[in-house]
Amino acid sequence: MTIRVLLADDQPLVRTGLRMVIDAAPGVEVVGEAATGSQAVSLTRRLAPDVVVMDIRMPGMDGIEATRMITQESPHVRVAVLTTFDTDQHVHAALRAGASGFLVKDMDLDGFLTALRVVAAGDALIAPGVTRRLIARYAARTAPVPAPTRRELAGITAREREVLTLVGRGLSNRELADDLSISPGTAKAHVANLLTKLGVRDRVHLVIAAYDAGLVTPE
């Protein structure tokens, strides 16, 4: 199946460059372009893309509010936030708004295309090194927002609590399996159970839940 992508960025050169990369890759196509958050919301309703690549800073409605509206109205649509990473102060808010991951504008082309496929498959882009830095930084600076609490975590098992802690530290399923001496399939099953029990949409939001529950603290 072809992954249908909507590009949302206020810079025409960025959109053109991303379109060229995507058009040259097999199994991925750009179905629309938006220059503002409101356009992204409108085009998502009309085109029903699989993935929206969303810039955060745009005129009018910004990418955070657009992400919130898209994920609430169209839960099947995945949003990957596009950020400059070190300078953007709103990435954590975007993840809370429902984004399934984030991309950095200086990433290599293969990494960008891989990210699209990961997000489109229903997983989240959660590169361990980047995620630990990003989530820790913004968890430390952002005011608390309602999310899974210690009381809500009472329904998970001791093993699931261990898994959630390790996910919060950015470990992949393979790394979870190695750390806990279990099979990758069992690690994947624990992660799936946590998604269901905590009512979160993907792995990125498990990381946020781990921080909110105090299982992982910003370094």
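The values are calculated or read from the model by the stated rules, or taken from the named source; none is laboratory data. As the structure is a prediction and not an experimental result, all values here were calculated from the model. FYI the Cβ positions are ideal-geometry reconstructions off the backbone, even for glycines, and counts take in every protein chain you see. All accessible areas refer to the heavy atoms of the entire protein, side chains included, with ligands and DNA or RNA removed. Shrake-Rupley method; radii C 1.70, N 1.55, O 1.52, S 1.80 Å.
Table for the structure above
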quantity	calculated
The stretch 7-46: number of residues that are in contact (Cβ under 8 Å) with a residue 40 or more places away in the chain and within 15 Å of M69 (Cα to Cα)	1
Residue that is among the charged types (D, E, K, R), closer than 17 Å to R4 by Cβ and buried (at least 17 other Cβ atoms within 10 Å of the Cβ), where the choices are R78, R45	R78
Hits in the stretch 206-219 (condition: under 27 Å from S74 (Cβ atoms) and in contact with a helix residue (DSSP H, G or I) (Cβ under 7 Å, 6 or more places away or on another chain))	L206, V207, I208, A209, A210, Y211
Counted residues, the stretch 1-41 - those being open to solvent by less than 30 Å² (accessible area, probe 1.4 Å), closer than 17 Å to S74 by Cα and not small (G, A, S)	5
Any chance R174 is over 22 Å from G98 (Cα atoms) and either open to solvent by 50 Å² or more (accessible area, probe 1.4 Å) or part of a helix (DSSP H, G or I) (or both)	yes
Residue check for D62: touching a His at 6+ places or on another chain (Cβ under 9 Å), charged (D, E, K, R) and either at pLDDT 95 or above or surrounded by fewer than 16 Cβ atoms within 10 Å (Cβ to Cβ) (or both)	no
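This table checks each residue for (1) over 20 Å from the mean Cα position of the chain (by Cα); (2) assigned to a loop (DSSP other than H, G, I, E, B); (3) among the charged types (D, E, K, R).
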site	(1), (2), (3)
A154	yes, no, no
E160	yes, no, yes
N193	no, no, no
T196	no, no, no
A209	no, no, no
